[in-house]
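The structure appears right after this line, and notes come after that.
The values are calculated or read from the model by the stated rules, or taken from the named source; none is laboratory data. These figures come from a predicted structure and were not determined experimentally. Note: ideal-geometry Cβ built from the backbone for every residue, glycine included; neighbour counts use all protein chains shown. Surface accessibility is based on the protein's heavy atoms, side chains included, excluding ligands, DNA and RNA. Shrake-Rupley method; radii C 1.70, N 1.55, O 1.52, S 1.80 Å.
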Amino acid sequence: MKQGTFTILDNARLARDTFRMVLEGDCSAVTGSGQFVQVSVPGLYLRRPFSVSDRDGDRIVLVYKQVGKGTAAMAAMAPGGTLDLVTGLGRGFDVAAAGERSLLVGGSVGTAPLLLLARELQAAGKAFDVALGFGDAGLAFYVQEFKALGAQVKVATQDGSLGREGLVTDAIRALDGTYDYFYCCGSKVMMRVVSEALPFAGECSMEERMGCGTGICYGCSIPTTAGMRRVCADGPVFRKEEIVWERI
Amino acid sequence: MGKDLSVRVCGVKLRNPVIPASGTFGFGLEAADWFDLNVLGGISLKGTTLEARPGNPTPRIAECAGGMLNAVGLQNPGVEALVAERVPALRACYGGAIIANISGFSVEEYAQACAVADRCADIDLIELNVSCPNVRHGGMAFGTDPKSAAAVTEAVKNATRKPVLVKLSPNVTDIVAIAQACADAGADGLVLINTLLGMRIDIKTRRPVLANTTGGYSGPGVFPVAVRMVWQVARACSIPVVGCGGVASAEDVIEMMMAGATAVQVGSENLRDPLACPRIVAELPEVMDRLGIDSLKDIIGIV
């Protein structure tokens, strides 16, 4: 955990209502993919949690969807401005758990943290493919970025405007490969469906309304096989069998 | 500058008056990686009950102007785990005052849980939580009626030799009457205020934001309410009052002490700023210097 001031280097629209913010500052607390940062938005009381989507030295990338006051304020921020961030939060993806070939499954803006994960898997010499689900073509992002890493990428959209018509599970079916581990980030419903559909082990990055993001308020606890656990500090990434899905 | 920040609460000396409030600082150890906990005057641990509790469903948190609502619902591992694991682990790296915050659902349960806490030598003070607004048939139900508050206080005093602070709810008509009832029943001190009962509605889904429907409002917005209640109670009661509610700066600490607080708890600010407490402690000497204060003890209840 580290608190610091970050400079906005870029803040551009990536897809409809979806923005990509590049921030520069002390990233020494950021240890891996699946971790998140807490952004203090001026004028709003609680910080906003965002997964780290990409990282290059002291630069991190946040991909966020404009859904409320906080993200609307962020979308209006110009390069050169600064933001107060708490970084290095949460337990991220377990790259060491990857087997022969992993499946990365992203839903909507949940696709964001999978890019840094993909880079880590590649650096570790682990093979992977990617299945993504979006509402429509206008909401899709990162398809080319995953392809550039040499992965097979399949997309499903609910209206069929990009890739297959259907859900992310249809994108998974379209992939040509055998997998032994998965990494998933998306809505709770999507992650449950993916966890139940895939017959092999994997992990999901959970989301819950947070208070502190640092593990002290217990505002984001979810039911797990080891009792109620904090998404912010015990997660956000949990192995699929740890999560008591029927109570999520 | 040689400023004296130390205070004494119910016979327990604190190196400074700053105490992270219950529910906003976990069981203390969570923050040990971020800063040296020994800068804190005391630590009030997360509300604990006789038996372990899973807490409320999520969402448990909602934002609002001037602060936030929470309805965590006393998720905790139970008092046996508190005294066997959490407190010893904290004591291993923290020498200041450890305050066990105890809640319950019946007078007997409060007393039993406090009897367990009493056995733990590392607990310096017991904070009786009769003011949690987020559980049914417990917590706040005991803190909104003078007779119930007195009954719990008396039962707990008979169950422990440790000093007992009673944490009061602001959701009452007459805070002084409740405070006096607790003092008359043997309370060694009082903590006020717990959160104000609040509610938010998502106007798109037409549903309450919190799964629990209602929650406790805290943050800078409640600070003037807390100052007023601390002032009223400190004037009326002779036992020490610990101020709590919306404190976010060294100036707030001093204001709360001028209102009558012997020590001051910092709550929601820990959620926004994980380093809030060490920052406030570090700022105190400079703010004292600016205001011509040499010893914090000199300003307690000066207004």
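Quick notes on this structure:
This table checks each residue for (1) open to solvent by less than 50 Å² (accessible area, probe 1.4 Å); (2) touching a residue at least 40 places away in the same chain (Cβ under 8 Å); (3) under 12 Å from the mean Cα position of the chain (by Cα).
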site	(1), (2), (3)
A:Met21	yes, yes, no
A:Ser40	yes, yes, no
A:Arg55	no, yes, no
A:Arg59	no, yes, no
A:Leu62	yes, yes, yes
A:Gln66	no, yes, no
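- In segment B:136-171, the residue that is surrounded by the fewest Cβ atoms within 10 Å (Cβ to Cβ) out of those that are β-branched (Val, Ile, Thr) and closer than 23 Å to B:Val9 by Cβ is B:Thr160.
- Residue list for segment B:186-197, restricted to those being open to solvent by less than 20 Å² (accessible area, probe 1.4 Å) and small (Gly, Ala, Ser): B:Ala187, B:Gly189
- Whichever residue in segment B:1-48 is within 22 Å of B:Ala250 (Cα to Cα), within 14 Å of another protein chain (Cβ to nearest Cβ) and of a type in the set (S, T, N, Q) and, among such residues, is least open to solvent (accessible area, probe 1.4 Å): B:Ser44
- Answer residue from segment B:78-98, given it is outside any helix (DSSP H, G or I) and farther than 19 Å from B:Cys277 by Cβ and is nearest to the chain's Cα centre (by Cα) among those: B:Gly78
- Looking at segment A:58-159, the helices (runs of 4 or more DSSP H) lying wholly inside it that each contain 3 or more residues that are in the same structural domain as A:Ile172 (by TED's automatic domain parsing), touching a helix residue (DSSP H, G or I) at 6+ places or on another chain (Cβ under 8 Å) and not acidic (Asp, Glu) sit at A:112-123.
Residue-wise test of (1) outside any loop (DSSP other than H, G, I, E, B); (2) farther than 18 Å from B:Gly260 by Cα; (3) touching a Phe, Trp or Tyr at 6+ places or on another chain (Cβ under 7 Å).
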residue: B:Gly2; (1), (2), (3): no, yes, no
residue: B:Lys13; (1), (2), (3): yes, no, no
residue: B:Asn16; (1), (2), (3): no, no, no
residue: B:Ser22; (1), (2), (3): no, yes, no
residue: B:Phe25; (1), (2), (3): no, yes, no
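- Residue within segment A:238-245 that is part of a strand (DSSP E or B) and within 14 Å of chain B (Cβ to nearest Cβ) present: yes
- Qualifying residues in segment A:214-237 (those that are assigned to a loop (DSSP other than H, G, I, E, B), of a type in the set (A, V, I, L, M) and open to solvent by 20 Å² or more (accessible area, probe 1.4 Å)) - the one nearest to A:Gly88 (Cα to Cα): A:Ala233
- For segment A:225-237, the candidate set comprises residues that are more than 10 Å from every other protein chain (Cβ to nearest Cβ) and over 20 Å from the mean Cα position of the chain (by Cα); within that set, the residue that is nearest to B:Leu74 (Cα to Cα) is A:Ala226.
- Residue count, segment B:256-281 (criterion: in a helix (DSSP H, G or I) and within 14 Å of chain A (Cβ to nearest Cβ)): 8
- If you go through segment B:240-266 and pick out every residue that is aliphatic (A, V, I, L, M) and open to solvent by 30 Å² or more (accessible area, probe 1.4 Å), you end up with 1.
- Options B:Glu51, B:Glu108; residue that is farther than 30 Å from B:Ile300 by Cβ, open to solvent by 40 Å² or more (accessible area, probe 1.4 Å), among the charged types (D, E, K, R) and assigned to a loop (DSSP other than H, G, I, E, B): B:Glu51
- Boolean, A:Gly25 is modelled with pLDDT under 95 and not assigned by TED's automatic domain parsing to the domain that holds A:Gly135: no
- Subset of segment B:242-255 (residues that are touching a residue at least 60 places away in the same chain (Cβ under 8 Å) and within 14 Å of chain A (Cβ to nearest Cβ)): B:Gly246
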